[in-house]
Amino acid sequence: MVNLTIDGKQVTVSKTATIYEAAKEVGISIPVLCYAKKLMPYGACRFCLVQVEQMKGRLIPACTTPVSEGMVVTTISDEIKKVRKTVMEFLLVNHVLDCPVCDKGGECDLQDLAYELESTSNRFEGEKFDLPTDEVNPLIERNMNRCVLCGRCARVCDEVVGYGSYSFINRGFETKIATAYDRGLSCEFCGQCVSMCPVGAILPRPFKFKARPWQLKEVDSVCGYCGNGCTLTLGVLNNKVETIRFNDKIGVNDGNLCVRGRFGYSYVNHDERLTKPLLRKDGELVEAEWDEALQVVADGLANAQKGQGAGILSGARLTNEELFVLKQFAKTLGTQNLDHSGGECYKGVTEGLKETIGISASTGTFPQIEKANVILAIRSDFYETHPVVGMVVNQAIRRNEAKLLVLADKRGKLSKLPGAKTLLTKPGLELDILNAMARVLLDEGLAQTEGVDGIADLQAALANFSPAQVAERTGVSAEQLQAAARQLAGAKNSAILMAYGLPYQGLNKELATAAANLALLAGIPGREGSGLYLCGEKANSQGAIDLGILPQGNGMGAQAMFTAAAAGQLDALYVVGEDPLSSYPDRDRIAKALDKVPFLVVQDLFLSPTAQQADVVLPATSFAEKDGTFTNAERRIQRVRRGISSPGQARADGAILTALAGKLGSSLAFTGPAAIFAEIGKAVPAYATCSFNEIGPQGVVWGGESLQPASRKVVAVAGGSEVEGDFRLVTGSALYHSGTVSTKAKGPMAVLAEPYVELSREDAKALKVADGDLLKVAGNGVELKLKAKVGNRLPKGVLFAPYHFAEAQVNRLYKGEAVIAVKVSK
Amino acid sequence: MAETAENIQVLICTGTGGFASGAQSVINAFEAEFAKQGVEAQVGKRCDIKKTGCRGLCANDVLVDVIIPGQESVTYDFVTAELVPQIVEEHMLKNEPVVKKKAGPYYTQFLEKQQRIIFSRCGTIDAESLDDFIAHRGFTGIKKAVTMKPEEVIEEVKKSGLRGRGGGGFPTGVKWSFCKATPGDHKYLICNADEGDPGAFMDRSVLEGDPYGVIEGMMIASYAIGCKFGYVYCRAEYPLAIKRLQKAIDTCYEKGYLGKNCMGLGFNFDMRIKAGAGAFVCGEETALMASIEGERGMSRPRPPFPAVRGLWGKPTNINNVETFANVSYIFYNGADWFSSIGTEGTKGTKIFALTGKVKHTGLVEVPAGTTMKEVIYDVCGGILNNRKFKAVQAGGPSGGCLPAEALDAEVDYDSLIKAGAMMGSGGLVVMDETTCMVDIARFFLNFTRVESCGKCIPCRIGLKIMLEILERITHGNGREGDIELLESMAYDIKKSSLCGLGQTAPNPVLSTIRYFRHEYEAHIKEKACPSHSCKPLLHFKVIEEKCKKCGICPKVCPVDCIAWEKGQVAVIDRDKCTECTSCYDACRFMAIE
């Protein structure tokens, strides 16, 4: 700690603090423009100049200068005031000052600063900027006439996002922020630059002329897409979410968002939202009143229970409270056929982790990843499924010189990060590499075996996983995987990351087990600063697991229910917040099941392909319309808050479920999120640590920052098997989408509107295929036509097709396996 | 040395200046002539042609020394290929030096007040020859240094009083000790050879003429500080310097002078050249490091200082070419010897590059403490065309203009700062009475405004506005209060800029206002340029008293608007005049205002 005096006030701060931060501690605000908490000190704007007695004769930038013992700082004096004012005069000479029509007006740092400095006149004169604006893309508008060249956009894109879309070009007064070759913006469109811009130079286009900032009601909630659990502050005007506001004060994401979070909100306002219940009458779905619809559902389900039974299938975007009510409803109905995510894609957590470390959750928290020295990402898609955690990985590399190892069958964004080492394996053989790494640790005496069960069995099972053998099978060199294993074991803090979700069903339990084995041998689970992260694809995947939205007793899981339904052995299916037809593996079987099941109820936001098959469709509400909690992939329970009312007669899932229960004669009541949260605590001890109202801005992490494993047992897993054939297709997430919901959102659709199949340049050349050509992809007895996307990510012979687009029907090809052998032709 | 002592030596300046004046054709001519005449057989001695570095008097290139054993060397200047047969025939074969072509007494005078230490090898040895370097005490400095502990080496540099020759004048030994004190195994050494000041070319000459000397200085520093890797950041506009230095580095690697266990002395040092991309700001050390890292050349805040967190985040020590060259000599001759030269605050010699309206433009090396007057008048022969001296710009665009009253200032760090200029890297631009001081301030500001990296506001925008005010003054649109406005903003820009570029860029304005305020006032109040230099302020009128009636102006006038008859004063028809300034430029008597 360091002691210093600022404007006569004594301050004690950490020795890494800057003068600016120290001043802030004692409530002294020093004006800044280029400073941003999350970015490295930059020192460009010169507004923060102060005087330091020990450094007489010059003015010292407060935001870049570290404190030192005994420093005496003066933050305001006539000299400082004069210099600051001159700098402001300089800035305003050429700035267009079009504040009346600038969307930033009212929350612009330049406006505020000019006001603070009382810059009423200007001694200097000059021409106003007249640069063309970038309006090429639909999401981010760049008007460089308003730019103050603080560099925050370029810095965030580099330091946090790791994309590097912007740079300064030209010199002197002609310096400006530009993209490569000064073209229109073409990037990930995460909009981090929008959030960082202190002025109106980079603005969200969808928000243009929608509202003045002060007219917006701000509602702090949690993003409804992935398991990262980013805080999303909704900007609401007239019961409509008009924009997502920058908020780095609360939550786990430090204000960082991806394209889905920042621009994917518009589906909540979509015209096609369901507003009334629909009943199938004479083969047609027609609007009905709630009471009638609910009665039909209650009767239908009750009847089914009297026959071969009903099944309930939920999505993982319901709140914990709604999931809890759902589970209660299943009890009321008397069915054990309950599940939350098709294809049992979460088995890595519920079974893989459970068998090894005895818990079904990630052991660390996301902020710890930034402090990790070595990070192993299994499947490069981690950036695509959880972009904001990907940004944390990037920060760990840039700020703390973390080493990144990527184990994947293709190169993704993570592979491009500085110093990233990609262990590029043949598809489906990641398992073999994990096994080989475990073997290296055991062979070389690097493994922590004390207190770990099953070592001998594992050792025996790894007989065929010597680095040389695995190198032969996977194409990853023995040296590379040995080096990776040693690095992981030798690091002070390490993190192992793996995403799970609908498109990652294949081998997910085995992969999680192998990852847990490796983590245990490297001493990761439960170690402060280290963690094993298994991250769910959906906003509340972890909540669904915690609350046990899983087959009860001898009940059927999702796959079993569909199998049964297809065989005519299930009488009703109640699907809440899911679109299995579009997103579950093996579409043809799902279609058959939906066709065969005598009574199908779908509760959703849209008339999805699944809903179109239903007997009853119930209009539900989006995350923006309800209160409750989500649990993110690091076990953080966070508040979801209602920002707008639901369209038409749409009702929250919890309310619908209790109303249905009422029809079935139950007293189950949706008593409000606080009361239900307390109920959850009784059933799930991890949730009993706090009350609903005690969940603060940072949420509550159940089990603490470093969750201790309940057991330490390594479990042998067999390796993957190589899929034969000229081409092997893998499916997964594309960066811009999450599940199928984002295909209803303008933002993500503006960036990626169509399904595609991605292939390497080499293959494209051999097949004489260019970007955009239609390719026939045949496998599993199905042939699909998809647009080709040629790129550098994939190795020869491997194809990738994202699973989000219902119309592409990729899930006809994909039946839940890790890799699909396909034939490709033009 | 011994084996060549009996040979005839022809030393030809092959610095950039030499080559520009035709050194290559002179070399070819000598070689051809030797072969044609069979000189070696005739005189019974071998004739060596040595391609040396610069001797300083660049204005008179190509300079050629002919040294016949047992005789005093004879220097010829303005040598061309056509002159070579005569020199060979008369001087070398008949032993009768071509007196008419010998460099005049000015050459002796040029050398007389100089103390050429750093330049002692430039112009003497073959710049590309390691053997020649070694024959001239080369690598004895590092050999001596390794007999001392690294700490003692730093002490020795401290004791010598050497201050950084890049311009700031920070004590070199102290700088080394900072980097040495930072923990870490991985440290970098950088030689700053991004000499960007207009009119400065000292470092280029050192690199071209004595590349091994710089390498040796860097080796000593690397041994003392513990740097294992060194970069020479050299501007790409110096192709010859880069070529020679690269050749020297390659040779050093070949012979084991660089790399693992240098010269068998027990330390490792690798080095490479990084060619700059042409940005002036990259001479600033943080921008320079950004450039080496492959980033855009933009300054970074300090602290952290490079000694703590520099290149690639590692502790880094940066010195200028001339500083490293000095280091070698400190270890040849000892710190006491070095500190015996110069003044109290500035030890050793300093190289200056003289350009502008001075008779003998070129490079001079004088002991610190020599006065500006001695440099300009005694060494460089005074002002061109015997015009009146007006000012000298010392320290490039960051320095200031010193008037005649300040000519007695000694050239050392502190005296120059007191006088309102700075040592800078050592560029001296001499100006005579025809130079307008407002215009010269405008010229330098135009340079810094374009070269600003654009990062901080005061430098990026402030300099541009300042330039616009100066432009309006030189265009006759100056306003009452402009001088005060310039002073006020200059102060703020200096105070608030991020790096040395912005912090010093207003100096030419401030120093010209300080010494030549009346010129500013004349421009603003009378809309007149006292030096008749600002073209927009010319009246295109012939001054009768000054007109020598020579008749040159009507000849150059493209629109035939000047009436003149023999023996008469010329008259300009203002109605037809297009103000092209052809007549003004042509008039040798300053008779057009």
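The values are calculated or read from the model by the stated rules, or taken from the named source; none is laboratory data. If you're wondering where the values come from, they're calculated on a predicted model, not measured in any experiment. FYI the Cβ positions are ideal-geometry reconstructions off the backbone, even for glycines, and counts take in every protein chain you see. With ligands, DNA and RNA removed, areas are computed over all heavy atoms of the protein, side chains included. Shrake-Rupley method; radii C 1.70, N 1.55, O 1.52, S 1.80 Å.
Put simply, the convex hull of the Cα atoms in chain B casts, on average, a shadow of 29.4 nm². Averaged over the residues of peptide A:255-265, the number of Cβ atoms from other protein chains lying within 10 Å of each residue's Cβ is 0. Based on every Cα atom in region B:56-161, Rg and the maximum pairwise Cα distance Dmax equal 19.0, 58 Å. Cα-based values for region A:510-653, radius of gyration first and Dmax second, are 18.6, 55 Å.
Accessible area per residue for chain B is 38 Å², calculated with a 1.4 Å probe on protein heavy atoms, without ligands, DNA or RNA. Carbon-plus-sulfur accessible fraction, region A:125-269 (probe radius 1.4 Å, protein heavy atoms only): 49%. The ratio of the alpha-carbon radius of gyration of region B:446-593 to the globular-protein estimate 2.2 N^0.38 Å is 1.33. Over region A:2-76, Cα pairs under 8 Å with separation of 6+ residues give a relative contact order of 40 percent. Note on region A:125-269: percent of Cα-Cα distances in each 5 Å bin, starting at 0 and stopping at the bin with the largest distance, equals 2, 9, 18, 22, 19, 14, 9, 4, 2, 0, 0.
Evaluated with a Cβ-only charge set (Lys, Arg +1; Asp, Glu -1), the protein assembly as shown carries a dipole of roughly 300 debye about its Cα centre, given to the nearest 20. Split the accessible area of region A:727-825 by element, probe 1.4 Å, and carbon with sulfur accounts for 50%. Restricting the calculation to Cα atoms, region B:447-504 shows an Rg/Rh of 0.99 when the hydrodynamic-style radius is the Kirkwood one.
Highest average first, the peptides A:151-158, A:68-75, A:670-677 ordered by how many other beta carbon atoms sit within 10 Å of their residues are A:151-158, A:670-677, A:68-75.
Kirkwood radius for region A:424-503, taken over all pairs of different Cα atoms as the inverse mean of 1/r, rounds to 13.4 Å. Remark: mean inter-chain Cβ contacts per residue of A:82-94 equal 5, using a 10 Å Cβ-Cβ cutoff to other protein chain atoms. At an R0 of 30 angstrom, the distance between the Cβ atoms of B:K525 and A:E125 translates into a FRET efficiency of 0.90. Sorted largest first, the spans of the alpha carbon positions of region A:150-220 along the three principal axes are 41, 27, 20 Å. Give me the percent of Cα-Cα pairs in the protein assembly as shown that sit more than 46 Å apart, rounded to a whole number. Summing the P(r) tail past 46 Å for the protein assembly as shown gives 53 percent. Our compactness index for chain A, the C-alpha radius of gyration over the empirical 2.2 N^0.38 Å, is 0.99. Find out how many positive minus negative residues lie around B:M590, taking Lys and Arg as positive, Asp and Glu as negative, among other residues whose Cβ is under 12 Å from that of B:M590. With Lys, Arg at +1 and Asp, Glu at -1, the neighbours total 0. Whole-percent P(r), region A:727-825, all Cα pairs, 10 Å bins from 0: 17, 50, 30, 3. For chain A, the antiparallel share of DSSP beta bridges with both residues in that region comes to about 50%. Placing unit charges on the Cβ atoms only, positive for Lys and Arg and negative for Asp and Glu, gives region A:2-76 a dipole magnitude near 220 debye about its Cα centre. With the highest mean first, a sort of the peptides A:415-426, A:50-61 on other beta-carbon atoms found within 10 angstrom per residue produces A:415-426, A:50-61. Cross-link check: pairs A:K176/A:K371; A:K596/A:K746; B:K525/B:K546; B:K357/B:K576 evaluated at a Cα-Cα cut-off of 29 Å; pairs beyond the cut-off: A:K176/A:K371; A:K596/A:K746; B:K357/B:K576. The antiparallel fraction among DSSP beta bridges confined to chain B stands at about 55%.
Simple spin-label model, 7 Å along Cα-to-Cβ: A:M1 to A:E450 in nm? The modelled label-to-label distance comes out at 3.5 nm. Surface composition of region A:296-450: carbon plus sulfur atoms hold 45% of the accessible area, using a 1.4 angstrom probe and ignoring ligands, DNA and RNA. Accessible-area loss of 50 Å² or more (1.4 Å probe, protein heavy atoms, chain alone versus all protein chains) is found in region A:139-176 for A:F168, A:R171, A:G172, A:F173.
Based on C-alpha pairs under 8 angstrom that are at least 6 apart in sequence, chain B has a relative contact order of 12 percent. Return the value, in Å² to the nearest 100, of accessible area buried between chains A and B (probe 1.4 Å, both sides summed). Chain pair A/B: roughly 3000 Å² of buried accessible area.
If R0 is 30 Å, the Cβ-Cβ spacing of B:D336 and B:I417 corresponds to a FRET efficiency of close to 0.65. Between the Cα long axis of helix A:587-596 and the first principal axis of chain A there is an angle of about 50°, rounded to the nearest 10. Of the whole protein surface, B:H186 contributes about 100 Å² of accessible area at a 1.4 Å probe radius. Peptide A:461-472 has a mean shielding of 0, counted as Cβ atoms of other protein chains within 10 Å of each residue's Cβ.
Each peptide in B:374-386, B:535-547, A:218-230 was scored by the mean count of other Cβ atoms within 10 Å over its residues; highest first, the order is A:218-230, B:374-386, B:535-547.
What spacing in nm lies between the two simple spin-label points modelled at B:K243 and B:T578, each 7 Å away from Cα in the Cβ direction? About 4.2 nm separates the two model spin labels.
Here the convex hull built on the C-alpha positions of region A:370-535 has a volume of 101 cubic angstrom per residue. Taken over region B:222-266, the alpha-carbon convex hull comes to 72 cubic angstrom per residue.
Between the residues B:C380, A:V819, B:H136, the greatest Cα displacement towards the positive end of the dipole of the protein assembly as shown, with unit charges on the Cβ of Lys, Arg, Asp and Glu, is found for A:V819. Antiparallel beta bridges, as assigned by DSSP with both residues in the protein assembly as shown, represent about 55 percent of the total such bridges.
Note on region A:2-76: Kirkwood radius taken over Cα pairs, Stokes-Einstein applied at 4 °C and 1.567 mPa s, translational D equal to 108 µm² s⁻¹. For region A:727-825, the solvent-accessible area of protein heavy atoms averages 38 Å² per residue (probe radius 1.4 Å; ligands and nucleic acids excluded).
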